[in-house]
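Everything below concerns the one structure shown next.
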Ligand code: F0G
């Protein structure tokens, strides 16, 4: 057998070094439920309780027997996994089922059309592309109408049935026409120029500070963390980030992107300049609970303000439920708790049941552009295996009148109560417990000015959360991570199978960790295996 170092040094060596610093470069060899297994020096399996749970992708845990059985069945039946450009009844069934659930939760009856993808970021990019197609097609239609109207006004003037009133030129800031040039020509030229200027403006997206929507070329521009985004700014569209809880900033930004499309019209024999509002904002993306940015639930009032803003301005809302959706918070969509109704929804992670790579972008009928289907595709998206597995996951969530959601809510409440208990015992150490259902964050107070040298240095180099994660792993056989863009927050996103005994184990481990931080005694930390 090849030695591990011979193969792994080529796969992201720097990342491996970072993991190694915190003792997190462990290989797991088996996984079931909430448990991963690693091998010790003697080759024996050591169970590790997994609270990271595939960054929220494992709503039913690792290798759930029912999901695995379904996958086996599919392979044994020799289903055609890839049969592009043919009929995909399983994809239609999945879209129907998603519609049924979303309709039940949001109260809408409007259909949502589905475009499938292979990952969360890809699903986000499909939504963004669709929103841009919609914007460009509407803009083109409005410009065509404006041109038609302007052409008709010009023809009326040339035919002598309409006149250009004094002062119309001034209203557009135009001087006298050059010798031999007609007023109407000048007006038409100026309107064409101004409309072209609007047409050529690139789209602008709105997203929230601390938001995370992926790391592909397009989606990374919607992700707030400048470290991920800024090296690639030149490759993607512009996003304007709005602070959470600031509807005034949202409106101000939108106002700055507002402009008008112009046209000439004729009223009672006189030429007039008509205006139609046009803004360059293409869509607003948000997570109902920000995940990677530190487990921050969107405040309900702000969600209502965003919903009202979208309805007033027509700016489409893309609700990124990639992490928060699929039942994790006790409802299928986390946005349901906030009264959010998306023009678009994006789901991924748990949709694949922990064994398939599946994502879906849903867009409501009134926004839907059928042209999109031929403009966007992927070899692997909409494959039968992922669709059937996703259908199985939905069945499991919905079984017994929604037992999956009830479990997420009830197990989540038990876990949150424990985290709150630990926090209450260490008010100087724990800043806050946040989240909903099985999407919880546990934030430590900043340790950048800690008395303990090692804790202070870890915090200053953004490694504090990773050092704590290393200790949890090696002392307590528990796997959890800090949220990558907020490294003082540990995230807990276990499956609905979470037991009371597993919660007790975490309580003991966190009590130990909090004691170490309170006592500023890093020598008690286990840093590596
Ligand atoms: N949107 C949200 C809300 C996410 O949490 C993620 C991924 C993505 C999009 C991108 O999905 O990784 O399948 O392309 N979140 C991970 C995390 C990376 O750490 O929470 P992807």
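Please treat every number below as a calculation from the coordinates, not as lab data. These numbers were taken from a predicted model, which means no experiment stands behind them. Note that we place each Cβ from the backbone using ideal geometry, even for glycine, and neighbour counts take in every protein chain shown.
On a full-extension model of 0.36 nm per residue, what is the gain between residue 46 and residue 399, subtracting their alpha-carbon distance, rounded to one decimal in nm? Intermediate results must be reported in sequence, preceding the final value.
Values: separation 353, 0.36 × 353 = 127.08 nm, distance 3.33 nm.
Length difference between fully extended and current span is 123.7 nm.
Note on segment 211-329: antiparallel DSSP beta bridges, both residues inside, total approximately 80 percent of the bridges counted.
For the chain, what does the equivalent ellipsoid look like in terms of its semi-axes, each the square root of 5 times an eigenvalue of the Cα gyration tensor, given largest first in whole Å?
Numbers: eigenvalues 532, 151, 86 Å².
Over the Cα atoms of the chain, the semi-axes work out to 52, 27, 21 Å.
Would you please state the base-10 log of I(q)/I(0) at q = 0.14, 0.17, 0.20 1/Å for segment 262-362, with intensities from the Debye formula using one equal scatterer on every alpha carbon? Values returned for q = 0.14, 0.17, 0.20 Å⁻¹ are -0.60, -0.78, -1.00.
Extension gain, residue 69 to residue 100, is 8.6 nm, computed as 0.36 nm per intervening residue step minus the present C-alpha separation. Using all pairs of distinct alpha-carbon atoms, the Kirkwood hydrodynamic radius of segment 320-390 works out to 13.3 angstrom. For segment 138-207 versus segment 273-337, the spacing of their alpha-carbon centroids is 37 Å.
Segment 149-199 gives an Rg/Rh value of 0.96, both radii derived from C-alpha positions and Rh following Kirkwood. Under the simplified labelling scheme, the residue 457-residue 85 pair shows an inter-label distance of 6.0 nm, with each label point 7 Å from Cα along Cα→Cβ. Counting every other Cβ atom within 10 Å of each residue's Cβ, 518, 479 order from fewest to most as 518, 479. Roughly what angle does helix 89-106 make with the longest principal axis of the chain, taking Cα atoms, 0 to 90 degrees, to the nearest 10? Helix 89-106 and the main axis of the chain meet at about 90 degrees.
Taken along the Cα-to-beta-carbon direction at a fixed 7 Å, the label points for residue 267 and residue 138 span 2.5 nm.
Length gain on complete extension for the stretch residue 244 to residue 500, per 0.36 nm per residue less the alpha carbon to alpha carbon distance?
Result for the pair: 88.7 nm of gain on full extension.
Once you have the Kirkwood Rh of segment 31-78 from its Cα pairs, apply Stokes-Einstein at 4 °C and 1.567 mPa s and quote D in µm²/s. Don't jump to the answer; show the numbers that get you there.
Details: Rh = 12.1 Å.
The Stokes-Einstein estimate is 107 µm²/s.
Helix 120-158 and the long axis of the chain differ in direction by around 10°, with both axes built from C-alpha atoms. Three principal axis extents describe the C-alpha atoms of segment 150-243; from largest down they are 61, 22, 21 Å. Taking the DSSP beta bridges with both ends in the chain, the antiparallel portion is around 70 percent.
For the peptides 46-57, 113-124, 501-512, the ranking by mean Cβ contacts within 10 Å, running from highest to lowest, is 113-124, 46-57, 501-512.
Among 318-327, 25-34, how do they line up by average Cβ neighbours within 10 Å per residue, starting with the highest? It would help to have the intermediate numbers written out before the result.
Details: 318-327: 28.8, 25-34: 15.8.
Final packing ranking: 318-327, 25-34.
Ellipticity at 222 nm from helices only: DSSP H runs of n ≥ 4 in the chain, each -39500 (n - 2.57), divided by the residue count, give -13500 deg cm²/dmol. Rg then Dmax, both in Å and based on the Cα atoms of segment 374-453: 20.5, 61. Normalised by the number of residues in the chain, what is the relative contact order in percent for Cα pairs under 8 Å and 6+ residues apart? Rounded, it is 21 percent for the chain.
Using R0 = 25 Å, the C-beta based FRET efficiency linking residue 276 and residue 176 works out to 0.35. The calculated FRET efficiency for residue 477 paired with residue 449, based on their beta-carbon distance and R0 = 35 Å, is about 0.65. Between residue 234 and residue 92, what is the label-to-label distance in nm when each label sits 7 Å out along the Cα-to-Cβ direction? About 4.8 nm separates the two model spin labels. Normalised by the number of residues in segment 385-493, the mean separation of alpha-carbon contacts (under 8 Å, six or more apart) gives a relative contact order of 18 percent. Any idea what log10 I(q)/I(0) is at q = 0.15, 0.22, 0.26 Å⁻¹ for segment 194-281, Debye with uniform C-alpha scatterers and no solvent? Relative scattering, expressed as log10 I(q)/I(0), comes to -0.67, -1.05, -1.20. Between rounded, prolate and oblate, where does segment 395-517 land on the alpha carbon gyration tensor, with a ≥ b ≥ c its root eigenvalues, rounded for a/c under 1.5, else prolate if a/b exceeds b/c? Judged from the Cα gyration tensor, segment 395-517 comes out prolate (a/c at least 1.5, a/b above b/c).
Translational D (Stokes-Einstein, µm²/s) of segment 8-160 at 20 °C and 1.002 mPa s when Rh comes from the Kirkwood sum over C-alpha pairs?
Numbers: Rh = 21.9 Å.
So the translational diffusion coefficient is about 98 µm²/s.
Annotation: peptides 282-295, 415-428, ranked by per-residue average of other Cβ atoms within 10 Å with the highest first, follow the order 282-295, 415-428. Principal-axis analysis of the Cα atoms of the chain puts helix 300-313 at an angle of about 20° to the longest axis.
Stokes-Einstein at 25 °C, 0.890 mPa s, Kirkwood radius from Cα pairs: D for segment 107-194 in µm² s⁻¹? Show your work: numbers first, answer last.
Working: Rh = 16.9 Å.
Roughly 145 µm²/s, to the nearest whole number.
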